[in-house]
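Have a look at the structure below before the remarks.
The values are calculated or read from the model by the stated rules, or taken from the named source; none is laboratory data. As the structure is a prediction and not an experimental result, all values here were calculated from the model. Cβ placement follows ideal geometry from the backbone for every residue including glycine, while neighbour counts extend to all protein chains displayed. For accessibility, only protein heavy atoms count, side chains too; no ligands or nucleic acids. Shrake-Rupley method; radii C 1.70, N 1.55, O 1.52, S 1.80 Å.
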Amino acid sequence: MPGGSRLDLPHENEILNEISLSLHAGLDLKSMLRDAASSIQRVLNCQGVQILQKKPSADNLCLEPVCTMPQTMLKNPSYLSFINKHRFPASEESWIKWTSHLPLSIQQNGLCYLLFDLPEFGLIMIEREQDLSDSLCRSLQGLMNRLATAALACLYKEEKQRREQFSQRFQLRFQQIAADASACFLRVLSQEAFDLAVHRTLKSLADLFDVDRSYVFRFSDDLATMSNSHEVCRNDVTPEIERLQNISVDSLPWWKSRMLECRPVMISSVRDLPPEASVEKAEFERQGIKSMVCLPMLTAHGKLIGFMGFDAVRNICVWAEDQIIMLQLISEIISTAVDRSSIQEELRETAEKFQQITENIGDVVWLRSADQKLLYISPSYERIWGSSCQSLIENPQSFVNAVHPDDREMVSAAFQDYISSHQFDMEFRIIRPDGEMRWIHSRSFPIKNSVGEVIRHTGVASDISSFKRSQNALEQSESRIVSILSNMNDVIWSASWPDLRMKFISPSAERLFGRPVRDFLGNSDFWDSMIHLEDIEVRLKAREILRQSGMWAGDYRIIRPDGQTIWIHETCRFIYDESYTPVRVDGNASDVTARKLAEEALSRRTAELERYFSTSLDLLCIADLQGNFRRLNPEWKRTLGYEIDSLNGRAFIEFVH
């Protein structure tokens, strides 16, 4: 080490051991560095110790002080003079060369500045009145290597914790958005409410994923055109919704081919789109898009009805696989809401009537004291409960007495819980004095003063009878649909791929195939064992077609246990996972024996008629309504001597004498 006299401190091993004890990798970074700097300052009798962390930036490399002992060192003229005179390397390459000469001792203004490398982390600078021996410096550098390792371990641990905390917050926020979206769409009773729910969901997702434009497009029934139905943009991003109406899907052929596969279309960089996507690239760049992702919206039956999309305009954005799955979940929530809209039309109409009634009649509002004494009840109580407000004031128990006997115990228990929990939100039935039953949605909450003491209790009750009737009608309708599907004659089945092990088969299999359902489940060969020997090749080819195209439809014969041969028409298609790998095959099988027998009988009858027409000794012909020949049997040639072709198209009257 160059420059200055050296001070050989006694008990060098004790010094190293004491400094070594300060390196606690289990501490947080700041605490560990502070303990290490304090020990070095005390043991080596230093004027000051500073630890600097290397932080590369876009243009150069900089050193940022992360620990200085004492803090007054930062204002010390000698320190400031040293820092101004000795500039540290400004690039990674020069830094590597410079640190190869450490440890380094520099004498300035009567002080010795010792510089030690903290590999991969930064630098430690010690300010002393005298230099240290070469052997002690080398030993200290070994300790500094350990200090750097401990510091890097702390950095890794803290970064990991930050990432985990961010991921947890991200997941929690997404779960809140998904729950809020589900709740909003379940409460949708009008187009306006639906639009508001979509807008709110798109806004929340755009904020969470830090994108600039979020939107929903709807396809026409024939998938020929698409229109932007909802859009949310940042303030500095140009909206496109007015321009993007009735757009031909064929105008974006590369994008269309991927969207029609009913899986997410992710474009991490519009600039890097392939040549075959030149049309899409031009359109997306016109909109200022750098990255985008589009999530298909499918009905419960797998029909593509639209898509939800997100555009990154400011920066390139790459969506992780788990984020794509999250977004697809929201897309499914929106598409489910759209799919149910037609079924819920009656429910919406009823809900609108309910809303009108509520606006005209009003909900029941009450106010109670802290000890539950009734202070106020709105006039709507008389219209909904059918009893006077005065009767409730005189006899508060009449509120509970009006509750339906089957709900009374539940309401009483909930009210008792409210006294301690201050939470009351439930639906129950009441019986009016005239015998009419009504459904009530009641909520109650405490009113607190500035110090958090409960001073009153207030609440509101709504008559939801009309809503409940419509909801019950909808449930009954859904139940009838389920019953119809359960009694279908066709066999619905599902098998794993590629082993074709049967996972599900409908009860109608017993009627069609004459075999119990249990014989099929978990079996990959049982189905093939039923097939007629002459049609085995059909099934083998079907499997190959399915593997290549993802779907197959065709006819073949099976033999039932009673020996009966029946014709089956089967259709099947692949079901894919998130990576578009086929994981399941779903299909249905129908009995087409009657159709096949009718086709065979028709074929035989046609052949018989053809033989009779060709061999008859009578003159047989087929003519149109104008009397022109359309077909003649060979006897015409033998009888009249004309070629058959010369007679076709001519009138019969031409040959009459």
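Just a few scattered comments:
- Elements of type helices (runs of 4 or more DSSP H) in the stretch 567-657, at least 1 residues being modelled with pLDDT under 85, more than 50 Å from the chain's Cα centre (by Cα) and within 30 Å of PHE513 (Cβ to Cβ): 593-615
- Hey, LEU74 part of a helix (DSSP H, G or I) and under 48 Å from the mean Cα position of the chain (by Cα) or not: no
- In the stretch 451-472, the residues that are of a type in the set (Asp, Glu) reach residues that are crowded, with 17+ Cβ neighbours inside 10 Å with C-beta atoms within less than 7 angstrom, at least six apart or across chains, in these pairs: ASP463/ILE384; ASP463/ARG438; ASP463/ILE440.
- One residue stands out among those in the stretch 96-108 that are open to solvent by 50 Å² or more (accessible area, probe 1.4 Å) and of a type outside the set (Lys, Arg): the one that is farthest from the chain's Cα centre (by Cα), which is GLN107.
- All of ARG42, ARG6 fail the test of being surrounded by 13 or more Cβ atoms within 10 Å (Cβ to Cβ), modelled with pLDDT of 65 or more and within 20 Å of SER135 (Cα to Cα), apart from ARG42.
Listed here are the residues, each with its yes/no results for (1) touching a helix residue (DSSP H, G or I) at 6+ places or on another chain (Cβ under 9 Å); (2) assigned to a loop (DSSP other than H, G, I, E, B); (3) over 21 Å from TRP95 (Cα atoms).
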{"residue": "ARG34", "(1), (2), (3)": "no, no, yes"}
{"residue": "SER39", "(1), (2), (3)": "yes, no, yes"}
{"residue": "ASN45", "(1), (2), (3)": "no, yes, yes"}
{"residue": "GLN50", "(1), (2), (3)": "yes, no, no"}
{"residue": "GLN53", "(1), (2), (3)": "yes, no, no"}
{"residue": "VAL66", "(1), (2), (3)": "yes, no, no"}
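- Selection within the stretch 554-599 - in contact with a helix residue (DSSP H, G or I) (Cβ under 7 Å, 6 or more places away or on another chain) and basic (Lys, Arg): ARG557, ARG560
- ASP645, sole failed condition from (1) in contact with a strand residue (DSSP E or B) (Cβ under 7 Å, 6 or more places away or on another chain); (2) loosely packed, with under 10 Cβ neighbours inside 10 Å: (1)
- From the list LEU115, LEU52, the lone residue that is at pLDDT 80 or above, in contact with a Pro (Cβ under 8 Å, 6 or more places away or on another chain) and closer than 22 Å to TYR156 by Cβ is LEU52.
- Output for the stretch 205-224, where each listed residue is open to solvent by less than 50 Å² (accessible area, probe 1.4 Å) and more than 22 Å from ILE324 (Cβ to Cβ): SER220, ALA224
- Within the stretch 504-528, restricting attention to residues that are free of Cβ contacts under 8 Å to residues at least 12 places away in the same chain and open to solvent by less than 60 Å² (accessible area, probe 1.4 Å), the residue that is farthest from GLN564 (Cα to Cα) is ASP519.
- In the stretch 420-445, the residue that is surrounded by the most Cβ atoms within 10 Å (Cβ to Cβ) out of those that are farther than 17 Å from SER380 by Cα and free of Cβ contacts under 8 Å to residues at least 24 places away in the same chain is MET426.
- Filter result for ALA473 (at pLDDT below 85 and open to solvent by less than 60 Å² (accessible area, probe 1.4 Å)): yes
- Selection from the stretch 529-544 of residues that are under 30 Å from GLU261 (Cβ atoms) and surrounded by 14 or more Cβ atoms within 10 Å (Cβ to Cβ): VAL538, ARG539, ALA542, ARG543
- With respect to the conditions (1) surrounded by 14 or more Cβ atoms within 10 Å (Cβ to Cβ); (2) assigned to a helix (DSSP H, G or I); (3) of a type in the set (Asp, Glu), GLU93 lacks only one, and its number is (1).
- Of the residues making up the stretch 588-632, those that are closer than 30 Å to GLU510 by Cα and either charged (D, E, K, R) or in contact with a Cys (Cβ under 6 Å, 6 or more places away or on another chain) (or both) are ASP591, ARG595, LYS596, GLU599, GLU600.
- Residue in the stretch 180-189 that is surrounded by the fewest Cβ atoms within 10 Å (Cβ to Cβ), counting only those that are hydrophobic (A, V, I, L, M, F, W, C) and under 20 Å from the mean Cα position of the chain (by Cα): ALA183
- LEU202 being open to solvent by less than 20 Å² (accessible area, probe 1.4 Å) and within 30 Å of GLY309 (Cα to Cα): yes
- With respect to the conditions (1) under 14 Å from TRP255 (Cβ atoms); (2) touching a Leu at 6+ places or on another chain (Cβ under 7 Å); (3) without any contact (Cβ under 8 Å) to a residue 60 or more places away in the chain, LEU298 lacks only one, and its number is (1).
- From the list LEU111, LEU118, LEU152, LEU136, the one residue that fits, being under 23 Å from HIS86 (Cβ atoms) and open to solvent by 20 Å² or more (accessible area, probe 1.4 Å), is LEU111.
- Count of the stretch 213-260 residues, restricted to those that are in contact (Cβ under 8 Å) with a residue 40 or more places away in the chain, of a type in the set (Asp, Glu) and either closer than 20 Å to ILE334 by Cα or in contact with a Leu (Cβ under 8 Å, 6 or more places away or on another chain) (or both), is 0.
- Pick from the stretch 566-602, criterion within 22 Å of MET551 (Cβ to Cβ) and acidic (Asp, Glu), ranking: most open to solvent (accessible area, probe 1.4 Å): GLU578
- Residue check, GLU192 open to solvent by 80 Å² or more (accessible area, probe 1.4 Å), more than 16 Å from GLY309 (Cα to Cα) and touching a Phe, Trp or Tyr at 6+ places or on another chain (Cβ under 9 Å): no
- Lone qualifier among ASP417, ASP407 - being buried (at least 16 other Cβ atoms within 10 Å of the Cβ), part of a helix (DSSP H, G or I) and in contact with a strand residue (DSSP E or B) (Cβ under 9 Å, 6 or more places away or on another chain): ASP407
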